[in-house]
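For reference, the structure is listed below as structure tokens.
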Amino acid sequence: MHRAYRIAPSILSADFARLGEEVRRVEQAGAELIHFDVMDGHFVPNLSFGIPVLESVRKITALPLDVHLMIEKPALYLKQFVEAGANSISVHAEVCEDIPAIVTRIRELGIRAAVAINPETEPTRVLDAAADLDMILVMSVHPGFGGQGFIPESIGKVRAIRRELDRRGLEIDIEIDGGIKVDNIGLVANAGANVFVSGSGIFGHRDYAEIIRQMRGELQAALRLDPSRVRKNLFAYEKSFRTLR
Ligand code: DX5
Ligand code: ZN
């Protein structure tokens, strides 16, 4: 069982006038994914960026691009996002009538498939399709804006999802997105999340390397407090930290 713990800065909180430099800085600071938030003003009450920006980011980083589609009709754009350089795409369960079909489509395009759920959406919506997923994205804020406060109930939700995945013997990633900072990353890791999106928690600071180092310290401490998890994941855990030191 290999579970790697990954930090994914959300460039929604970056300085867009210097986006290339911001991406390079988080890459050098030890980030393992770049989280790319796409908003359409319909599914969420905000607009962000889309395909041309992804193409530009693709040219300047080797890190996997983790695309989070907060849009009403994700199926219409999958191919374009893949061609623009996405390595994984998350679609929202709330707008997908046929989750298995869209997941199959994403995988046919050759990348990792994930389904996201809002704070008020029941885990069963994604768990039913879990066997075909690479990742479940649990929103820990209402999607649409960076810089919101973490919803504490998300911890129980992550724990319930991880328990159910373990029960079924499915080792897939659980990504947590919204309000993740140095002071709560350990808690969500202990609950079973292993991919941590952080926007304002990273870009709101001057020294990205220092913040990511602190997050990693919290992860290490939290996971050591949970002997069963650490034992089970020792290999991936040590490997993922070793490469970042
Ligand atoms: C919210 C986005 C998040 C956001 C997280 O709709 O999906 O990825 O950028 O930002 P913080 O970490 O500031 O809550
Ligand atoms: Zn996001």
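Return the pairs, sorted by first residue and then second, in which the second residue is modelled with pLDDT of 95 or more and within 13 Å of ligand 2 (Cβ to nearest atom), the first residue lies in the stretch 31-50 and is acidic (Asp, Glu), the beta carbons are less than 6 Å apart, and the residues are 6+ apart or on different chains.
37/10; 37/12; 37/48; 37/68; 40/71
Show me the helices (runs of 4 or more DSSP H) found entirely inside the stretch 3-86 where at least 2 residues are crowded, with 21+ Cβ neighbours inside 10 Å, modelled with pLDDT of 95 or more and β-branched (Val, Ile, Thr).
Counting at least 2 such residues, we get 19-28.
Within the stretch 88-111, count every residue that is without any contact (Cβ under 8 Å) to a residue 40 or more places away in the chain and within 16 Å of ligand 2 (Cβ to nearest atom).
3
How many residues are more than 16 Å from ligand 1 (Cβ to nearest atom) and touching a Cys at 6+ places or on another chain (Cβ under 9 Å) if we restrict to the stretch 99-124?
2
Considering only the stretch 1-53, how many residues are among the polar types (S, T, N, Q), within 16 Å of ligand 2 (Cβ to nearest atom) and out of contact with any Ser or Thr (no Cβ under 6 Å at 6 or more places or on another chain)?
Counting residues in the stretch 1-53 that are among the polar types (S, T, N, Q), within 16 Å of ligand 2 (Cβ to nearest atom) and out of contact with any Ser or Thr (no Cβ under 6 Å at 6 or more places or on another chain) gives 3.
The values are calculated or read from the model by the stated rules, or taken from the named source; none is laboratory data. The structure presented is a predicted model; accordingly, all values stated were derived computationally and were not measured. So basically every Cβ, Gly included, is an ideal-geometry build from the backbone, and we count neighbours across all protein chains shown.
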